[in-house]
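One structure is given here, and the rest of the page talks about it.
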Amino acid sequence: MYIGKPSDIKPSEITDRKVYQQRRRFLGVAGVSAAGLAAAAALPGLLSASRGVHAQARLAAAYQSPFNTKEALTPYKDVTTYNNFYEFGVGKSDPAELAASLKPHPWTVTVDGACASPGAYHLEDFIKPHALGDYVYRHRCVEAWSMVIPWVGFPLAEVIKRARPTGAAKFVQFTTLLDPKMFPGQRFPVLDWPYTEGLRMDEALHPLTLLAVGLYGEVLPNQNGAPLRLVVPWKYGFKSIKSIVRISFVEQQPITTWMRAVPSRYGFYSNVNPDVDTVPWSQRYERRIGNLFKQKTLMFNGYGAQVAHLYAGMNLAKDY
Amino acid sequence: MATRQTLVRYGLKPTVFVLCLLPLLRQGWLAYTGNLGANPIGELTNETGVWSLRLLLVTLAITPLRRLTGWGWLVSARRMLGLYAFAYGMLHLAVYWGLNQYFDLSLIAGDLKRPYIFAGYLALLFMVLLAATSTDAMVRRLGRRWQKLHRLVYAVAILGVLHYLLLVKIDFLPPLGYGAALAALLGWRLWAWQIAPRWGVLLRRGEPVTPTRLAGHR
């Protein structure tokens, strides 16, 4: 069956980390923008030439996250064609097929709520103060599949510090753009639009918590949550909200979209937890996309050393 | 001139046979060419299950279609359709056991407590009974009991829809769609076999037609 004949693009061709990092350095020298794109297209065996989708503009990352995993990257093609982004539709291929309707420029991000320096920023101005880094994280979907994704982004903590939250700021709430013209899926009441998510302040300030603007050294494709998304690698994927337009500091624990949709299955924390099944299926194992055999799911998606202390004393079967 | 028997044997049955095989051939081709997407096992699991349910509903549509169109010959395709529903169900089980649980008995047993898994097993178990008693010889041997036994097909369909409904994340529309189709097919039987005949009797007797009388109460 499919085992005998993998897709025409060998994973090694498109995911080899060395190649992609070499290219990153090369392009860093060559400069981003037009020259970089032309060079990328000219180099043989590279992503943009072999994968048959639109090449995104390059992003130069200034540093490597100390948390980067050495695990094999999930192929770019899978990362950008197998998505849950209900704003485009509930099918896994809907986001990649319909993503052209999203216009991530111009884009405004509003920071408000309990903070001393609120503001509304053009995306470019919002990102400008931050050095971009490479963050290679495991991504575990609540549906029991997982990927390894090389994000480009910066810690959410930097944004929070810039906003100077007040003592009343106990949680951070995030909101996705509401625009049924750009998001055809929002015409259907599958979820209560706009999508919202939330983190406790200490979770939001954690150095693992990321605002991503790219993946695989390129600007985020629309289907992956362009132009700005959250990445919280120790929580199920739906916590990592996409296409963010608002970041609010609030005093009360926000009710997130999935909590509202099915409260018995989705809680505020939604930490990856192999021992607690609040969904109908088992969370003990996961299918790493591209692998035949499933693998054991790790507590906090393998980030326990970094985050377990945040939940000391909590009953995670109750506070799921 | 071709007899009805030859038309069924060389026309209808081979056509249905090939048509029912197409979803499997398509999946096989997509698998062979590596076009099942990022999660090919998930795709195979879903497709085999959904086709089992679809073919079961087609099987249940034969009787209403025959009555509504007068095409009595449709019944000649029913057994094959039912057996195909069974075959896709077995494939679904094989993919689940083999490619999702890797024949790990502790995993397979551990899943039994999940309502959607249990409903699925029950549906498959009933389908095994129906398939095993689907031969001409079994029909003759069981006589009147055969018909009684094969009413289990309604339970299989209900359990199939339930299995689907219980496992989806949030998109209840597809299982509800199949549920609506099943409700229509079962509703037609209720009407045609229970309510309409009594209505006719009441009308002939010149008695008033009331819900309680239609339900058979006096």
(request) Taking each pair of different alpha-carbon atoms in the protein assembly as shown once, compute 1/r for the pair, average those values, and report the inverse of that mean as the Kirkwood hydrodynamic radius in Å to one decimal. (result) 26.5 Å
(message) I need the helices of chain B that pass two filters: whole DSSP H segments spanning 18 Å or more by Cα along the axis, and mean Kyte-Doolittle score no lower than 0.0.
(response) B:13-32, B:40-69, B:78-95, B:115-132, B:152-167, B:173-189
(request) Kindly provide the pair-distance distribution of the range A:191-274 built from C-alpha pairs, with 10 Å bins from 0 and whole-percent values in order of increasing distance. (result) 16, 50, 30, 3
(request) Obtain the nm distance between the two label points defined at residue B:67 and residue B:103 by a simple spin-label model: each point lies 7 Å from its Cα along the Cα-to-C-beta direction. (result) 4.7 nm
(request) Using only the Cα atoms of the range A:261-320, build the gyration tensor, take square roots of its eigenvalues as a ≥ b ≥ c, and label the shape rounded, prolate or oblate: rounded if a/c is under 1.5, else prolate if a/b is larger than b/c, else oblate. (result) oblate
(request) Could you list the trypsin sites (Lys or Arg not before Pro) in the range B:100-153 that lie in coil according to DSSP, counting only those with at most 12 other Cβ atoms within 10 Å of their Cβ? (result) B:113, B:151
(request) Report, in debye and to the nearest 20, how large the dipole of the protein assembly as shown comes out about its Cα centre when Lys and Arg carry +1 and Asp and Glu carry -1 on their Cβ. (result) 2400 debye
(request) Compute for chains A and B the buried accessible surface, both sides summed, probe 1.4 Å, and express it in Å² to the nearest 100. (result) 2300 Å²
(request) Go through A:312, A:254, B:159 and say which Cα lies farthest out towards the positive end of the charge dipole of the protein assembly as shown; charges sit on Cβ, +1 for Lys and Arg, -1 for Asp and Glu. (result) B:159
(message) How long are the semi-axes of the equivalent ellipsoid of the range B:1-138, taking √(5λ) for every eigenvalue λ of the Cα gyration tensor, in whole Å from largest down?
(response) 32, 19, 12
(request) Would you list which lysines come within 21 Å of residue A:70, measuring only between C-alpha atoms, while excluding same-chain residues fewer than 8 positions from it? (result) A:10, A:18, A:235, A:294, A:296
(request) Using only C-alpha positions, report the orientation-averaged shadow area of the convex hull of the range A:58-139, nm², one decimal. (result) 7.9 nm²
(message) Can you compute the FRET efficiency between residue A:117 and residue A:200 using 1/(1 + (r/R0)^6), with r the Cβ-Cβ distance and R0 = 25 Å? Round to the nearest 0.05.
(response) 0.75
(request) Starting from the Cα of residue A:103, draw a straight line to each of the aspartates and glutamates and keep only those under 12 Å, dropping any in the same chain fewer than 8 residues away. (result) A:179
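What percentage of the solvent-accessible surface of the protein assembly as shown, computed with a 1.4 Å probe over protein heavy atoms, is contributed by carbon and sulfur atoms?
Using a 1.4 Å probe with all protein chains present, the protein assembly as shown comes out at 64 percent carbon and sulfur.
Work out, step by step, the length gained on full extension between residue A:63 and residue A:316: first 0.36 nm times the residue separation, then minus their alpha carbon distance; give nm to one decimal.
Length difference between fully extended and current span is 87.7 nm.
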(request) Give the accessible area for residue B:20 in Å² (nearest 10); use a 1.4 Å probe, count only protein heavy atoms, and leave out ligands, DNA and RNA. (result) 10 Å²
(request) Starting from the Cα of residue A:105, step 7 Å along the direction of its Cβ; do the same at residue A:130; then give the gap between the two resulting points in nm. (result) 1.9 nm
(message) Taking the alpha-carbon distance from residue A:161 and a cut-off under 17 Å, which lysines remain once sequence neighbours fewer than 8 residues away in the same chain are dropped?
(response) A:128, A:170
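The values are calculated or read from the model by the stated rules, or taken from the named source; none is laboratory data. Quick caveat, the model's predicted, so the values are computed rather than measured. Here Cβ is always computed from backbone atoms with ideal geometry, including for glycine, and neighbour counts include all displayed protein chains. Surface areas here come from the heavy atoms of the whole protein model, side chains and all, with no ligands, DNA or RNA. Shrake-Rupley method; radii C 1.70, N 1.55, O 1.52, S 1.80 Å.
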